[in-house]
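*Asks:* This is the structure I have questions about; it appears just below.
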Amino acid sequence: MHALLETIDNPEQLRQLERSQLPRLAEELREFLIESVSKTGGHLSSNLGAVELTVALHYVFNTPFDQLVWDVGHQSYGHKVLTGRRERMNTLRQHGGLSGFPKPEESGYDAFVAGHSSTSISAALGLAVAARKEGQGRKAVAIIGDGALTGGMAFEALNNAGAMDTDLLVILNDNDMSISPNVGALNNYLAKLMSGRFYAAARKASEKVLSKMPPMLELAKRAEEHMKGMVTPSTLFEEFGFNYIGPIDGHDLDVLVTTLNNIKQLSGPQFLHVVTQKGKGFKFAEDDPCRYHGVAKFDPDAGIEDSAGKLTYTQVFGDWLCDMALRDERLVGITPAMREGSGLVRFSEEFPARYFDVGIAEQHAVTFAAGLAKAGLKPVVAIYSTFLQRAYDQLIHDVALQNLPVVFAIDRAGLVGADGPTHAGAFDLSYLRCVPNMAVMTPADENECRQMLATAFAHGGPAAVRYPRGTGPGVAPQKEMQPLPLGKGEVRRQGEKVAILAFGSLLQPALAAGEELNATVANMRFVKPLDEHLAIKLAATHDLVVTVEENAVMGGAGSAVAEALAKDGVTTPLLHLGLPDRFVEHGDTAKLLAECGLDSAGIAAAVRARLT
């Protein structure tokens, strides 16, 4: 079924093909990706849209000597297949298997890690400058999506790259627009023309001649800009110092290969605008590319089927947001391009005037929220833990410094399973608790999450509620929203000798370990303000205090407990359990937690080892 694809184990073999064979290879690659991802889960729509571009890039460029930087890396599955990993695609995003993102440790063809967006141009520019110093003709190519191009970092890099006049190719994989057939044909022709060496040479020669006649040179430049501007959005990128080419049909391999071959001969920063269709070649994904962006296992003949399951924390947040919006018209919801992932679909439909998707621009999202709060509104920023890291300065300088009432609903806290270390929320407790004015809450179940969100909203300053990906223990949220006493934990099990202080998602395994050990177990609830009175009381009545958190041990909730006890002169022995000082790889979350010693058996074993 994939006869041609199965002959390609590396790009060298791909480059031996006749150009006439490339469309068949692309068709087989697309079929393979649909079959493969339907069995493992993963990102589908974006990969299907990038098939022809991926084939063309490896056909034209001498990879891995020439370096491709993908942005975001979830469009790199076809790249993995063509670079010797086809037989391992059945392990994609599984423990010990292939990563869902580019990973240099996995393959020499992966030039740079790319789990977060808007980084490719900066990274590729660094590679390009290094290549220039190396002097061996190595090429650097950044492939960036239209969504990732909304990130400020991408524009910072464009500005810098244009000024440096380095040999760099930036490819905009634009899958959020379409070209009508006539305009598309014209643009394809112009792209071939404007990327050709004759055009480039003629342009330079004309500039040299006309430079002695400044008015004529200016007139010629304006005429060229006007011609290109009639059919292309070139002006912006040319102002950055790039030679803009396109837009071209990203599914036409003949146009792609010809244009890339021409660009490969040009010097200086080049910008190629390629238009593709998300989900290309798979009707379910073409009709609903958002739903097929990230998928679990599914039947490719039937498509994704709805299944009723336990309530997720993301759904708890989405329901709370709508309920609170009905109560308080000052509430506004903000997301940096994560409407579906953060649970804002219903809110965006029911309160469209109060919903703001700012694009992949986390820094802007936080400062935008600060401006809204300063004007008397009550913004709620729905954001993944790992993405909030990108807006840390804004959180400190623009929100906390002014003590503004911004709620941070932090999803994907702790380990995130198949997405791995690029998306794991391993550090938020550490980086939030040191910020003045911040309140930091860790719900242990679905109802506590709802009540803590209400607590954060009622709080007079910045407040964060961090919750994990997926489902909780199954505690039904109460309809009424009752703010919890700020900074107060609770004892959930009374035992002897050992006191386990659990924060958030690890309360359940802590309770199970407590049963096995006959230990006292406290649900601490708040990392800041910490319930110091409860911590000191338990330390005074037990022989060992154990802190448990799904966060990096260093600087986390356990550190807060240690600081509180030290301040009060308490010398009871402490044991801190949490995520280790390494990046935890992708895989099943339960298995990963067990490997980190954060399941009930691991907690009990660590306590026994400490007591012996």
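*Asks:* If the viscosity is 0.692 mPa s and the temperature 37 °C, what translational diffusion coefficient in µm²/s does Stokes-Einstein give for the range 470-531 when Rh comes from Kirkwood over Cα pairs?
*Replies:* Details: Rh = 12.7 Å.
Answer from the Stokes-Einstein relation: 259 µm²/s.
*Asks:* In the range 245-302, what is the volume of the convex hull around the alpha carbon atoms, normalised per residue and reported in Å³? Spell out each step's value before the answer.
*Replies:* Values: hull volume 6.8 nm³, N = 58.
Value for the range 245-302: 117 Å³ per residue.
*Asks:* Hey, another quick one. Please say if the range 95-148 is rounded, prolate or oblate, where rounded means a/c under 1.5 for a ≥ b ≥ c the square roots of the C-alpha gyration tensor eigenvalues, and otherwise the choice is prolate for a/b larger than b/c and oblate otherwise? Intermediate results must be reported in sequence, preceding the final value.
*Replies:* Details: a/c = 3.07, a/b = 1.41, b/c = 2.18.
Since a/c reaches 1.5 but b/c is at least a/b, the shape of the range 95-148 is classed as oblate.
*Asks:* Separate question: I need the semi-axes of the equivalent ellipsoid of the range 120-162: take the C-alpha gyration tensor, multiply each eigenvalue by 5, square-root it, list largest first in whole angstrom.
*Replies:* Its equivalent ellipsoid spans semi-axes of 22, 10, 6 Å.
*Asks:* Rounded, prolate or oblate: which fits the range 231-343, taking a ≥ b ≥ c as square roots of the Cα gyration tensor eigenvalues, rounded meaning a/c under 1.5, else prolate when a/b beats b/c?
*Replies:* Working: a/c = 3.97, a/b = 1.69, b/c = 2.34.
Oblate, since a/c reaches 1.5 and b/c is not below a/b.
*Asks:* Antiparallel DSSP bridges in the chain: what percent, to the nearest 5? Provide the component values of the computation, followed by the final result.
*Replies:* On the way: 10 of 65 bridges.
The antiparallel proportion sits near 15 percent.
*Asks:* Next question, about the same structure. Of 39/278; 479/528; 280/591, which ones are farther than 23 Å apart at the Cα? Don't jump to the answer; show the numbers that get you there.
*Replies:* Details: 39/278 20 Å; 479/528 26 Å; 280/591 35 Å.
With Cα atoms farther than 23 Å apart: 479/528; 280/591.
*Asks:* OK, next. 7 Å from Cα along Cα→Cβ at both residue 164 and residue 471: what's the point-to-point distance in nm?
*Replies:* 4.9 nm
*Asks:* Enter the accessible area of residue 267 (Å², nearest 10), with the probe set to 1.4 Å and all protein chains included.
*Replies:* Result for residue 267: roughly 70 Å² accessible.
*Asks:* Something else now. Given labels modelled 7 Å from the Cα in the Cβ direction, how far is it in nm from residue 306 to residue 480?
*Replies:* Placing both labels 7 Å along Cα→Cβ, they lie 3.2 nm apart.
*Asks:* Within the range 99-140, list the GluC sites (Glu not before Pro) lying in a DSSP loop whose Cβ has at most 10 other Cβ atoms in a 10 Å radius.
*Replies:* On the way: sites: 105, 106, 134; in loops: 105, 106.
In loop regions of the range 99-140 (DSSP not H, G, I, E or B), the sparsely surrounded GluC sites (Glu not before Pro) are 105.
*Asks:* Considering only 320, 373, 333, whose Cα is most displaced toward the positive end of the charge dipole of the range 280-383, charges sitting on Cβ of Lys, Arg (+1) and Asp, Glu (-1)?
*Replies:* Result: 373, furthest along the dipole toward the positive end.
*Asks:* A further question follows. Which of rounded, prolate, oblate describes the range 351-410, given a ≥ b ≥ c as roots of the alpha-carbon gyration tensor eigenvalues and a/c under 1.5 marking rounded, otherwise prolate only if a/b is larger than b/c? All intermediate terms of the calculation are to be shown ahead of the outcome.
*Replies:* Details: a/c = 1.71, a/b = 1.05, b/c = 1.62.
Taking the square roots of the gyration eigenvalues as a ≥ b ≥ c, the range 351-410 is oblate.
*Asks:* Show that you can apply the helix-only estimate: for the chain, add -39,500 (n - 2.57) for every DSSP H stretch of four or more residues, divide by all residues, and state [θ] at 222 nm to the nearest 500. Could the numbers behind the result be given before it?
*Replies:* Values: 24 runs with 246 residues, N = 612.
So the calculated ellipticity at 222 nm is -12000 deg cm²/dmol.
*Asks:* How much accessible area per residue does the range 356-503 have, counting only protein heavy atoms and a probe of 1.4 Å, in square angstrom? It would help to have the intermediate numbers written out before the result.
*Replies:* Numbers: 4900 Å² over 148 residues.
In whole numbers, the range 356-503 has 33 Å² accessible per residue.
*Asks:* Also, quick follow-up: With r as the distance between the Cβ atoms of residue 133 and residue 350 and R0 = 51 Å, compute the FRET efficiency 1/(1 + (r/R0)^6) and round to 0.05.
*Replies:* About 0.35, to the nearest 0.05.
*Asks:* Output the 0 to 90 degree angle, nearest 10, between the alpha-carbon long axis of helix 181-194 and the longest principal axis computed from the alpha carbons of the chain.
*Replies:* For 181-194 against the chain, the angle is about 70 degrees.
*Asks:* If R0 is 30 Å, what FRET efficiency do you get for residue 497 and residue 315 from their C-beta distance, rounded to 0.05?
*Replies:* Numbers: r = 40 Å, r/R0 = 1.32.
The value I calculate is 0.15.
*Asks:* Residue 296 to residue 543: extension gain in nm, 0.36 nm per residue of separation minus the Cα-Cα distance?
*Replies:* Fully extending the segment from residue 296 to residue 543 adds 84.3 nm.
*Asks:* Then there is this: Let's test the formula: R0 of 51 Å, r as the Cβ-Cβ distance of residue 610 and residue 401. What FRET efficiency results, to the nearest 0.05? Can you show the working numbers first?
*Replies:* Values: r = 40 Å, r/R0 = 0.79.
Plugging the Cβ-Cβ distance into 1/(1 + (r/R0)^6) gives 0.80.
*Asks:* Below 11 angstrom from the Cβ of residue 303, what's the summed charge of the other residues (Lys, Arg +1; Asp, Glu -1)? Can you show the working numbers first?
*Replies:* On the way: positive: 283, 291; negative: 287, 288, 299, 301, 305, 306.
That works out to -4.
*Asks:* Kirkwood Rh over alpha-carbon pairs of the range 296-406, then Stokes-Einstein at 25 °C and 0.890 mPa s: what D in µm² s⁻¹, rounded to an integer?
*Replies:* 163 µm²/s
*Asks:* For the cross-link pairs 80/133; 374/488; 537/567, which exceed 18 Å when the distance is taken from alpha carbon to alpha carbon?
*Replies:* Working: 80/133 29 Å; 374/488 29 Å; 537/567 14 Å.
In this structure, 80/133; 374/488 exceed 18 Å between Cα atoms.
*Asks:* Roughly how many percent of the accessible protein surface of the chain is carbon and sulfur, given a 1.4 Å probe and a whole-percent answer? All intermediate terms of the calculation are to be shown ahead of the outcome.
*Replies:* On the way: 13390 of 24820 Å².
Roughly 54 percent of what the probe reaches on the chain is carbon or sulfur.
*Asks:* If you roll a 1.4 Å probe over the heavy atoms of the protein chains, what accessible area per residue do you get for the range 37-162, in Å²?
*Replies:* Working: 3770 Å² over 126 residues.
Accessible surface, normalised per residue, equals 30 Å².
*Asks:* What number, in percent, do you get for the relative contact order of the chain if the mean sequence gap of Cα pairs under 8 Å and at least 6 apart is divided by its residue count? Write out the running numbers ahead of the final one.
*Replies:* Values: 1260 pairs, mean separation 67.7, N = 612.
Value for the chain: 11 percent.
*Asks:* From the C-alpha coordinates alone, can you work out the Kirkwood hydrodynamic radius of the range 442-579, in Å?
*Replies:* Details: mean 1/r = 0.0661 Å⁻¹.
One decimal place: 15.1 Å for the Kirkwood radius.
*Asks:* If I take every Cα pair under 8 Å that is 6 or more residues apart in the range 281-397, average their sequence separation and divide by the length, what percent do I get for the relative contact order? Before the final figure, lay out each step's value.
*Replies:* Details: 117 pairs, mean separation 26.7, N = 117.
Averaging sequence separation for qualifying contacts and normalising by length gives 23 percent for the range 281-397.
*Asks:* What longest region of the chain stays clear of chymotrypsin sites (Phe, Trp or Tyr not before Pro) that DSSP places outside H, G, I, E and B and that have at most 12 other Cβ atoms within 10 Å? Don't skip to the answer; put the middle values down first.
*Replies:* Working: sites that count: 65, 583.
Longest stretch, sites excluded: 66-582.
The values are calculated or read from the model by the stated rules, or taken from the named source; none is laboratory data. These numbers were taken from a predicted model, which means no experiment stands behind them. Every residue, glycine among them, receives a Cβ derived from its backbone with ideal geometry; neighbour counts consider all protein chains shown. Surface accessibility is based on the protein's heavy atoms, side chains included, excluding ligands, DNA and RNA. Shrake-Rupley method; radii C 1.70, N 1.55, O 1.52, S 1.80 Å.
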